[in-house]
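Structure record follows, encoded as structure tokens.
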Amino acid sequence: MLRKSLGLLCVIMVLGSMAFGQSFVFHHEFGTNSDYGPPYALAADSSGGIYNVTFDSTNSRAVYIANPLSDTPTSQVITTASDFPVSRGLQGIAVDSSGNVYASGDTGGATWVKKFGAAPSFTEDSGFTIGSTTRLLGCDLLSDNVLGCVSFAGIEFFNTSNGTQTAAVTGGVNYQRDLAFNSSNNDLYTAYNNSTGSNSCSLWSGGTPASPASYSFTKADLVTIGSVASLGSQGIEYDARNGRLLIANKTDQRLDIYTISGSGSGASVNLFQSIDGADSTGGNIGSIGDSVAIDKGTYTLLFITDMTGRILVYSDGAITEVDEWSLYY
Ligand SMILES: [Ca+2]
């Protein structure tokens, strides 16, 4: 009887430890429209829809993907490179808690950022204007009121109601590509790829959504990626449910997931898991783009763009929601 009780206790302890800290496992994948160019940056809304921009000089799109757990998700174009010219491609996308979408276009010089109303209309907000004189790339929201966009060595902050710049901080490493906000301690992370061969993730601290001007460059190399010139890291994301940093590692073509300890100058990271796609239907990721993690309550849903033309879906627990996929398959 005692042995049985101990056995049951062990089972309960194992099950309990599985709730958090479990590795991500492949769930399914779906292809993206090849006419739009390679799928790159990702964002998600509070109802489970995902958003991505495709990176292409002429065919770039900002795309809303409904029912992303389906094998055949539906997609809707929010804006195109013909609506707003880009010379390189759309680079950043963020979605606020009301479903408003912010997309940035990389012109190679002065950049535009546009705001669109929530699905299904995605009407451009004509009262929102960012015509920056600097080259802005990836973006993230610090709150529903504050949009942050990286420039090559700095971060600029904008009022989400009208696009007015509220702060700009400088002093970072050149060739920053994307931004992620840590909602638990207010730190900001920037991913950069540098033609000198140093590719990494930096940390900025000291500011808050209410005082973004107080951010300063704190750590150049929180994570060091590798030495493939111009290809080290592109997309970056903060997984708020697990308190982890997700870095698209283009040197090794995989998503590297790090646990984070401490904050500011005392922050450090440890590799938790790398996802190279070997367990997916289509095999290894050919060109890692970006990722987004969605808190589903009892598990985390993870989407990864492979710029060869697909989006991979992973989960760290049993997917319990009733959706099209579970009803028909
Ligand atoms: Ca990102």
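Observations on the structure shown:
- Per-region count, segment 138-169, residues closer than 15 Å to ALA220 by Cβ, assigned to a loop (DSSP other than H, G, I, E, B) and in contact (Cβ under 8 Å) with a residue 40 or more places away in the chain: 0
- The residues of segment 24-62 that are buried (at least 23 other Cβ atoms within 10 Å of the Cβ), in a strand (DSSP E or B) and either touching a helix residue (DSSP H, G or I) at 6+ places or on another chain (Cβ under 9 Å) or not small (Gly, Ala, Ser) (or both), listed by number, are PRO39, TYR40, LEU42, ILE50, TYR51, ASN52, VAL53, THR54, ARG61.
- Qualifying positions in segment 64-87 - in a loop (DSSP other than H, G, I, E, B) and either surrounded by fewer than 16 Cβ atoms within 10 Å (Cβ to Cβ) or touching a residue at least 60 places away in the same chain (Cβ under 8 Å) (or both): ASN67, PRO68, LEU69, SER70, ASP71, THR72, SER82, ASP83, PRO85, SER87
- Qualifying residue in segment 170-179 (condition: at pLDDT below 90, part of a strand (DSSP E or B), buried (at least 18 other Cβ atoms within 10 Å of the Cβ) and out of contact with any Gly (no Cβ under 7 Å at 6 or more places or on another chain)): yes
- Breaking point among (1) within 16 Å of the ligand (Cβ to nearest atom); (2) without any contact (Cβ under 8 Å) to a residue 60 or more places away in the chain, for ASP290: (2)
- Among the residues of segment 165-181, the ones that are away from the ligand (no atom under 13 Å from the Cβ) and under 14 Å from SER143 (Cβ atoms) come to 2 in all.
The values are calculated or read from the model by the stated rules, or taken from the named source; none is laboratory data. Quantities reported herein were computed from a predicted structural model and do not represent experimental measurements. All Cβ positions, even for glycine, are placed from backbone atoms using ideal geometry, and neighbour counts span all protein chains on display.
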